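Just below is one structure, and these are the notes that go with it.
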């Protein structure tokens, strides 16, 4: 299957100081990210709360930040305030590229049919036939196509894979445990609460960045009381980001968590990522929207959450 990711925005960071500038702003180790590699990362407020999450593309001569289009302009504006004398230019690049997600057992073949080759290792980038491709996992790829080539990309992919709506890709992101900060969840969670530390998006050995002291203190001194979990909501109504979750352990007056993102599940109901108090998960059950409401079901993630 393939999806055009029309709600995705791209920020291009160009200039001699692009890597050092982003290294001082984001949660991951940009300085040591090799060219032709991708990496997950986050951007925090001074209080350590996430303002955005990214898939970072490091090419030979530029760095691209992939994030929701709804956050592209405000995040660009905020980052621009810290450029100062650095040789860095921030530019919206959504008009330059179209973004496609490709997944499934035959995903590699579809990528090879489009670009002539496919990356063999996770987070490797290959550039071929005018396309940039990165592998996110064994059967998931993201393709950046230059805008003039987008029609050709759609036509080529349609011969190799079935087109699906964008929410099918959102479900795969949920299954992979990849959090996406949106306007409704900005400035609420430290990176560890949404498991950024478990997907290689937080470095504890790099220098300072906004919120670094709080992120490091959470890691070294405090036991994290909230984590992101994958759940299934057996409901015909769609769970929305920010919907509260309740647990008997916290009583009827206090929510024990909130939905971060949701997408239609295969079959029925919705799969979701939710940030929940770990004690509520341990005590169960957790219900959606109201105390004693629809009980959610726990689903596995591809990585382990520390106990």
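Checking the stated criteria, residue 275 turns out to be surrounded by fewer than 24 Cβ atoms within 10 Å (Cβ to Cβ) and closer than 20 Å to residue 186 by Cβ.
When residue 70 is tested against (1) surrounded by fewer than 18 Cβ atoms within 10 Å (Cβ to Cβ); (2) farther than 29 Å from residue 275 by Cα; (3) modelled with pLDDT of 95 or more, just one condition goes unmet, and that condition is (2). Please count how many residues of region 1-32 are without any contact (Cβ under 8 Å) to a residue 40 or more places away in the chain and surrounded by 21 or more Cβ atoms within 10 Å (Cβ to Cβ). Selection size over region 1-32: 1. Within the option set 296, 259, being under 24 Å from residue 168 (Cβ atoms), surrounded by 16 or more Cβ atoms within 10 Å (Cβ to Cβ) and without any contact (Cβ under 8 Å) to a residue 40 or more places away in the chain holds for one residue only, 259. Checking the stated criteria, residue 9 turns out not to satisfy the condition of being closer than 24 Å to residue 183 by Cβ, in contact with a strand residue (DSSP E or B) (Cβ under 9 Å, 6 or more places away or on another chain) and part of a loop (DSSP other than H, G, I, E, B). Entry remark, region 139-163: residues being closer than 10 Å to residue 110 by Cβ and in contact with a strand residue (DSSP E or B) (Cβ under 6 Å, 6 or more places away or on another chain) number 4 in total. In region 74-85 there is no residue matching the filter, namely being touching a strand residue (DSSP E or B) at 6+ places or on another chain (Cβ under 9 Å), farther than 16 Å from residue 119 by Cβ and assigned to a strand (DSSP E or B).
The values are calculated or read from the model by the stated rules, or taken from the named source; none is laboratory data. If you're wondering where the values come from, they're calculated on a predicted model, not measured in any experiment. With ideal geometry, Cβ positions are generated from the backbone for all residues, glycine too; neighbour counts draw on all protein chains shown.
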